[in-house]
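Asker: Sharing a structure with you now.
Bear in mind that the values in this text are calculations on the coordinates, not laboratory data. In this text, all values refer to a predicted model and were calculated from it rather than measured experimentally. As a convention, Cβ positions derive from the backbone with ideal geometry for all residues, glycine included, and neighbour counts pool all protein chains shown.
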Amino acid sequence: MHVIVTGGSSGIGLAIARLYAARGDRVSLLARHFGRLEQARIEIAASPGADLSRIQVACVDVASANQVLEAVETCEHAFGACDVLVASAGIVEPSAFERMPAAVFDEQIATNLIGTANVVRAVYKGMKTRRGGKIMMISSGAALIGIYGYTAYCASKSALAGFAEALGAEAGISGVRVSICFPPDTLTPQYSRELPMRPAEAELLMGAVKPWSAEAVAAKIVHSLDRGRTRIHFGLSLTALGYFGPLIKPLLMWWFSHRLRKISRQGRDGSLSEVMNGGFDHRR
């Protein structure tokens, strides 16, 4: 079996690739930085059951449709047609909307949404022709509820849900299974880069939940793909939002607004961030 993983040089993508490689599957890693890809390839090959000759890498910016098509064609020429695609490439750079440069907003949309569409497009026709294949889109828990400072990220990840649902309706009769998952905060290099930029206000919704390990998230995703599941949630809170969001979100957003106003009043003599860190930052 040939598995293609975008964003495969680190985080969830790397953890997923490691699981498939340990089974003896052929794995292609796609990401932007060649050095990190080579490091990931060597790291995966050191895992029990993995074989270096069955792991290949391709340096590509998923936001470029031409680069993606060329990379996927190269990977399939070497390892055969893609049986499983995991679209894990994504970026996040939180900031209040009025302070976020247009280029930063656009890059998140281009990578998270357009980049996913590009790689799906590169394998989809072949899967339909063969009447089989699995596509997993990595969305985020941020797709399930609007979060302060995450306008671009929430928009891009929410759009993936609509994309997956519509594509699934088209793909079902051809034997191609389209799935999507909504991971929580996950302990990855990107998470470490994100935290210093995260607005204090966002901690009201995000900071109380303990992050998952990349390995735990990957294991759930691979297990769900094996079982043919099309929509995967993580933990009680995100599962509830996923299935009962229209009922839960109005109350949750009312609570958020009420708490934010209260904290703002307390912080009139200091910054909101200072007040939050003093009493409401749950990462500590």
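Asker: A 27 angstrom limit on the alpha carbon distance is what I want to check against. Which of Lys157/Lys249; Lys134/Lys210; Lys128/Lys249; Lys134/Lys157 exceed it?
Answerer: Lys134/Lys210; Lys128/Lys249
Asker: Expressed as an acute angle from 0 to 90° and rounded to the nearest 10, what is the orientation of the C-alpha long axis of helix 34-45 relative to the principal long axis of the chain?
Answerer: 70 degrees
Asker: Continuing with this model, one more query. Once amide H atoms are built 1.01 Å from N in the peptide plane, which residues 5 or more positions from Gly133, or in another chain, come under 5 Å H to H?
Answerer: Correct list: Arg177.
Asker: Could you grab the relative contact order for segment 2-246? Cα pairs under 8 Å, six or more apart, rounded to a whole percent.
Answerer: 19 percent
Asker: Exposure proxy check: Glu107, Glu98 ranked by fewest other beta carbons within 10 Å?
Answerer: Sorted ascending by nearby Cβ count, the order is Glu98, Glu107.
Asker: Here is a follow-up. Helix 235-266: angle to the longest alpha-carbon principal axis of the chain, degrees 0 to 90, nearest 10?
Answerer: 30 degrees
Asker: Within 10 Å of each residue's Cβ, count the other Cβ atoms and sort Val84, Val62 from fewest upward.
Answerer: Listed from fewest to most nearby Cβ atoms, that is Val84, Val62.
Asker: Taking neighbour counts of Cβ atoms within 10 Å as a proxy for exposure, in what order, fewest first, do His233, His258 appear?
Answerer: His258, His233
Asker: Additional query: Could you work out how far helix 115-130 tilts from the main Cα principal axis of the chain, as a 0 to 90 degree angle to the nearest 10?
Answerer: 40 degrees
Asker: Now a separate question. Hey, got a sec? Which chymotrypsin sites (Phe, Trp or Tyr not before Pro) in segment 77-128 land in a DSSP loop and have at most 13 other Cβ atoms within 10 Å?
Answerer: Those that pass, being in a loop and sparsely packed, number zero.
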